[in-house]
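Colleague: Pasting a structure below so you can have a look.
Values quoted throughout were computed directly from the atomic coordinates according to the rules given, and no laboratory measurement underlies them. All values derive from a computational prediction rather than experimental measurement. So basically every Cβ, Gly included, is an ideal-geometry build from the backbone, and we count neighbours across all protein chains shown.
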Amino acid sequence: MTSSPLPSSARARQKRERRLALIEAAQRLVGERGLDDVTVEEISSAAGLSTRTFFNYFDSKDDAVLGIQEIDLDPGVRAQFTAGGPSGRMMSDLEALVAGFLTNAAPNIEQGERAMRLMMSEPRLVQRHIAWHQRVIGELEELLAERRKARPSPVDDDTIGMVAGLLMRSSALAWARSDYEGDAAAHLPEAVAQLRLLLDD
């Protein structure tokens, strides 16, 4: 007898829960014993998962402690943004782009704060975090450079990048306040509305 495949929403929830469980286990064990005295096998076991499953989510225990997730932006969202859409207005289009990022790489605020604390005692984690952050910035810069070919903007890339980062964090904070109900992207309109209120104040 074969089991029926999970609906896409259930699969997404299961994937998120497994990932969070691995981060939780990695942070707890490393906090107790230090980075060098914890193995991937121990992290997997503490999360109730196999080592094979661990590597479906993370490349290393360092990445699990930091909660690093490679951004897998939907090709349709990417193509639409670089072509100058979907609306042709940077703020609205940036909102659509950030929603795409949040769908696949929304941060968990509590785990992010624990990761920051662990970085203070584990310099190797700092180096890994910087490398990941630079890669995310580089990907955004590539998207903006492509978009400028189709639709130039008077706003510089650094400002756009800071606004994108602000929207991601504000959405994640709102998601945390809701006790992680639904997904982070659902809270993006709230973050955008708050930013618009600030600019209009």
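Colleague: Could you sort 93-100, 118-125 so that the peptide with the highest average Cβ count within 10 Å comes first and the rest follow in order? Could you put the intermediate results ahead of the total?
Modeller: Details: 93-100: 21.0, 118-125: 15.0.
Ranking the peptides 93-100, 118-125 by packing returns 93-100, 118-125.
Colleague: Where Lys and Arg each count +1 and Asp and Glu each count -1, what net charge lies around Val30 among other residues with Cβ under 15 Å from its Cβ?
Modeller: Counting the neighbours of Val30, the net charge comes to -3.
Colleague: Can you tell me the orientation of helix 90-105 relative to the chain, as the angle in degrees between its alpha-carbon axis and the longest Cα principal axis, to the nearest 10?
Modeller: The angle comes out at about 10 degrees.
Colleague: Full extension from Ser92 to Thr53: what is 0.36 nm times the residue separation minus their Cα-Cα distance, to one decimal in nm?
Modeller: Length gained between Ser92 and Thr53: 10.3 nm.
Colleague: Can you run phi through the Karplus equation (6.51, -1.76, 1.60; θ = phi - 60°) for region 163-179 and list ³J(HN,Hα) in whole Hz, with x for Gly and Pro?
Modeller: Each residue's phi maps through the Karplus curve to give 5, 4, x, 5, 5, 5, 5, 4, 5, 5, 5, 5, 5, 5, 5, 8, 6 Hz.
Colleague: Here are some values of Cα extents along the principal axes in Å: [x] 55, 38, 37; [y] 49, 37, 34; [z] 51, 50, 33. Which one was computed from this structure?
Modeller: [z]
Colleague: Under a point spin-label approximation (7 Å from Cα along Cα-to-Cβ), what is the Arg33-Arg135 distance to one decimal in nm?
Modeller: 2.6 nm
Colleague: While we're looking at this one, here's another question. For Arg13 and Asp157 in one chain, what is 0.36 nm times their gap in residues minus the Cα-Cα distance, to one decimal in nm?
Modeller: Working: separation 144, 0.36 × 144 = 51.84 nm, distance 3.38 nm.
Value of the extension gain: 48.5 nm.
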